[in-house]
1. Can you sort 233, 268 so the residue with the fewest Cβ neighbours within 10 Å comes first?
2. Indicate the gyration tensor shape class of region 1-106 (rounded, prolate or oblate), computed on the Cα atoms with a ≥ b ≥ c the square roots of the eigenvalues: a/c under 1.5 is rounded; otherwise a/b larger than b/c is prolate and the rest oblate.
3. Mind listing P(r) for region 46-130? All alpha-carbon pairs, 10 Å bins, whole percents.
4. Show me 83-89, 14-20, 179-185 ranked by packing, highest mean number of other Cβ atoms within 10 Å first.
5. Run the simple label-point estimate for residue 114 and residue 198 please: 7 Å along Cα→C-beta, distance reported in nm.
6. Could you put 225, 205, 107 in order, starting from the residue whose Cβ has the fewest other Cβ atoms within 10 Å?
7. Starting from the 7 Å offset along Cα-to-Cβ, what nm value, one decimal, do you get for the label separation of residue 16 and residue 140?
8. Counting other beta carbons within 10 Å of each residue's own, what order do 101, 187 fall into, fewest first?
């Protein structure tokens with residue numbers, strides 16, 4: 001096939017993103033895997049981060065193969081399989097991001113509530129169950145999306161799956177239904193942290209000890225991580241909405257929206273490396 005300038009630019013950008021994605025995610029996955037193999041244990045947040053990087057590592061491969069479908073002929077059954085795997089890894093990424101933020105908040109915040117203290121003391125045990133629940137929830141919502149799209153879709157070719165009988169709003173509802181539950185968990189963790197941080201700042205002002213405390217520094221690091229995760233969710237909802245509402249009117253922008261769509265999850269883990277002293281030291 002003949003390649004236009006836009007096609008070449010898209011392939012180059014996609015290849016750079018692919019290298020960036022597998023490097024960042026592979027580094028985190030490999031670092032914590034070796035640490036677990038050596039120590040036979042990981043901190044709760046490191047365990048979640050290892051699972052998150054693993055899902056995004058494989059998700060990067062799947063997204064790259066889906067981009068290549070525009071230029072290389074795959075069987076439709078294979079592309080459909082890639083779509084389902086991509087949906088599962090995407091939802092797993094969102095659920096694990098919420099689990100990671102929840103873990104950060106539980107570890108650093110303090111509340112007199114007995115239930116919160118119970119969870120805080122057993123956070124490692126709860127994280128294992130939350131990881132399992134995240135994967136099962138992602139699988140369940142992936143199956144739900146599959147059956148829902150079968151109802152809305154009238155075209156058996158995934159390349160033209162944008163043409164459906166359902167309205168954009170109905171398709172958007174189907175796509176968002178799997179993203180809303182982890183987002184609500186994330187909001188709960190965010191509110192919990194903001195409340196704890198507000199109390200901490202007021203205590204700090206009353207004590208007049210200055211703003212150089214290591215505890216304050218830890219709070220600010222978590223704050224940066226959480227707000228970047230919030231940015232991730234906003235980007236997800238915006239890119240998904242634009243992809244569904246604008247793809248028929250702006251078909252030439254569809255592939256570029258897809259490139260933006262696959263960039264921000266890897267950027268989030270890159271940001272976490274910069275905020276994690278151990279990972280930053282090993283990486284640099």
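Quick note: the coordinates plus some simple rules give every number you see, no bench work behind them. A quick note: this is a predicted structure, and the numbers were derived from the prediction, not measured. Neighbour counts run over all protein chains shown; Cβ positions are idealised from the backbone, glycine included.
1. Details: 233 18, 268 21.
Going from least to most buried by this count: 233, 268.
2. Values: a/c = 2.62, a/b = 2.11, b/c = 1.24.
Prolate shape, in that a/c is at least 1.5 and a/b is the bigger ratio.
3. Bin by bin from 0 Å, the calculated values are 16, 35, 22, 15, 9, 3.
4. Details: 83-89: 19.6, 14-20: 15.1, 179-185: 17.0.
Ranked from most to least packed, the peptides come out as 83-89, 179-185, 14-20.
5. 2.6
6. Values: 225 21, 205 10, 107 14.
With the sparsest Cβ surroundings first, the list reads 205, 107, 225.
7. That separation, rounded to one decimal, is 4.2 nm.
8. On the way: 101 27, 187 14.
So the residues, fewest neighbours to most, are 187, 101.
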